[in-house]
Structure formats: C-alpha cells, structure tokens
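The values are calculated or read from the model by the stated rules, or taken from the named source; none is laboratory data. Since the structure is predicted, the reported quantities are computational estimates derived from the model, not experimental observations. Virtual Cβ from ideal backbone geometry, glycine too; neighbours counted across all protein chains shown.
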C-alpha cells in the first residue's frame, strides 16, 4: 500500500458527507457480516426499487450485498486516492441514486418505511429521517464537488497511521465471528457483536483518510 497516493486533503465538508454515507453503509455492513458469520440463522432483506432481495445467510441474493460493499469501498477510496476526480464525482451521484434514491422510491411507492433491527429491538420509521437527509446529502454533494474542483492537487502516501487503523478497526472481526457464530440468536453475544459492528461502520472511513503531510503538486 506504500505506493498508493492521495491527491486531495481532507476537509470538513468531506468529513460531514462521509458521516452521512456511513449512516447508509450500515444497511450493507451489518447484513454482510452477519450473513457470513451467523449463517442460515440470520435472515436479512431489503427492498431495492420494488424488488425484494433477501435471504437466510449466504445465498444467491447475497451477491447484491457484496456488490454494494465493493461500491462503498470504491467510493471511500475515490474521495482522496483517485487522481481522476470525475470518478469520485460520478460515484457520489451513483451513491445518491443507488441509496437515497431507492429509499425515496420506497417511501413514495409504499408510504412509511420502517427500519427493523431485531437484535437490539430497534424498529423505527425512517421516512422523516430520509427526506431531510436526502436534501442535506444533495446539498453536500454539490458543495463537496465544487470544493474538490477548486482544491490543489497534493501527494500523500498511504501511511503507517492508515495501516495501524486498519488493523485496529478490522481486528475485532475475529471476535465478531466468534460472537455471531457460537452465540444464541438475539442473545447478549449477538448484541455485543452488533454494537462492535456499528462502531466499525462509522470508524472504517478513518482508515482511508490521508494522514501524511501533503506535498502540493504543481500544475502542468
């Protein structure tokens, strides 16, 4: 990873947008981990533009979760580590359509939309969260792209801080595997595993944040 180069410095606007993206990443990260570690005892499902995608553990529909996970990884890296900035801008717009657009479609088509988290016994209406969140996300995307276009290109290598954070944040996956695999469904072990997963969900973007001192690249 030493040859990986960041071409933009972190900004407050990007940090705020990253937080909003992390909120939506939750509906991918948790099913991804639990379907693998829990197996068929874990039932998951999502409505994607009118199509019901669901399963018990890892099944044919699980490829949808894997594709979503890979998309989020690409988006996170493109924020700083892709020199062609149009890739980042395009992925941002795809994210808005893919996630926010899907949630808005579900609200328009079916009325109130509920989020169900059985392990922690969380059942909340997300309609009044999604609507203002979508407006905020669209505004942030506009200003982040505008800011990014006007930023000077820099050069920062993948650092020891990035590697250490990756070990620290992803290291608990071993513990989560044990908690989800050997624990009883909806028991304390599952609850602890879910809490760790939620913390990971919001901590993961710190892995790809540039930390080295930046060197400004002169325009050609």
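Brief remarks follow.
- Condition met for residue 91 (assigned to a helix (DSSP H, G or I) and buried (at least 18 other Cβ atoms within 10 Å of the Cβ)): yes
- Residues of the range 43-73 classified as outside any strand (DSSP E or B) and at negative phi, total: 16
- Scanning the range 123-157 for residues that are assigned to a helix (DSSP H, G or I), more than 27 Å from residue 47 (Cα to Cα) and touching a residue at least 40 places away in the same chain (Cβ under 8 Å) yields 143, 144, 145, 147, 148, 149.
- Residue that is under 18 Å from the mean Cα position of the chain (by Cα) and at pLDDT below 95, where the choices are 129, 141: 129
- Condition met for residue 188 (surrounded by 13 or more Cβ atoms within 10 Å (Cβ to Cβ) and modelled with pLDDT under 90): no
- Residue within the range 165-177 that is within 24 Å of residue 86 (Cβ to Cβ), within 23 Å of the chain's Cα centre (by Cα), in a helix (DSSP H, G or I) and modelled with pLDDT of 95 or more present: no
- Residue in the range 19-38 that is farther than 19 Å from residue 71 by Cα, over 17 Å from the mean Cα position of the chain (by Cα) and not in a strand (DSSP E or B) present: yes
- Residue ID - surrounded by the fewest Cβ atoms within 10 Å (Cβ to Cβ), chosen from residues in the range 5-57 that are within 30 Å of residue 143 (Cα to Cα) and in contact with a strand residue (DSSP E or B) (Cβ under 7 Å, 6 or more places away or on another chain): 9
- Condition check for residue 75: within 23 Å of residue 166 (Cα to Cα), crowded, with 17+ Cβ neighbours inside 10 Å and modelled with pLDDT under 95: no
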